[in-house]
Each structure stands twice: as C-alpha cells, then as structure tokens.
1. Please go through region 60-89 and give me each residue that is surrounded by 13 or more Cβ atoms within 10 Å (Cβ to Cβ), modelled with pLDDT of 85 or more and farther than 12 Å from residue 13 by Cα, ordered by number.
2. Which residues, taken from region 1-26, are at pLDDT 90 or above, surrounded by 13 or more Cβ atoms within 10 Å (Cβ to Cβ) and outside any strand (DSSP E or B)?
3. Between residues in region 6-19 that are closer than 11 Å to residue 50 by Cα and residues that are at pLDDT 90 or above and surrounded by fewer than 16 Cβ atoms within 10 Å (Cβ to Cβ), which pairs lie under 6 Å by C-beta distance while being six or more apart or on different chains?
4. Considering only residues that are in contact with a helix residue (DSSP H, G or I) (Cβ under 9 Å, 6 or more places away or on another chain) and surrounded by fewer than 15 Cβ atoms within 10 Å (Cβ to Cβ), look in region 27-59 and name the one that is farthest from residue 11 (Cα to Cα).
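The values are calculated or read from the model by the stated rules, or taken from the named source; none is laboratory data. These numbers come from a predicted model, not from an experiment. Reconstructed Cβ throughout: ideal geometry from the backbone, glycine too, with neighbour counts over all protein chains shown.
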C-alpha cells in the first residue's frame, strides 16, 4: 500500500519547554488552520513549527502519531530564547 497516497491525520504532541505554533502540509487547496496541533498529511508530507518557551532551556520531545502509523519522535534542543531556530531537518 502506498502510504503517501493516503491522507493520514497526524497529531503532534510536545514535552516542554516548547509549543507547536503552526502546522502545514503543502496542499494549496487545504483550508485547515495553521495554528493547529493536528494536520492531514499531503502526499505523505507535513510541517510542524515549534517555538521555544522564553527562558526555558532543555530538550523538546516532539511526537507525531496517526491512526495505523508508527509514532515518530524528534528531540530538539532549546537554548531558552524565544524565537530562536531550534533545529532544521
């Protein structure tokens, strides 16, 4: 089965010190709000933008999960300054 062709609904969860500020999937016809912790994948792709909490440093654990999919986990590093780029993939 081609997973990229199926519109999987993904949920994003964080273990602080950070927050999900936006999600996207590159679908120009999507009307989903950017400020959401869930998103339908488009051609198997999605984007999550994470922002560090001001004054809080340490690892930020981002988990992406979807029905019938194996959870994906990324651990980001925060210097504790709001607005810093945490990590690019």
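1. Within region 60-89, 69, 76 qualify.
2. 25
3. These pairs meet every condition: 13/63.
4. In this case the residue turns out to be 43.
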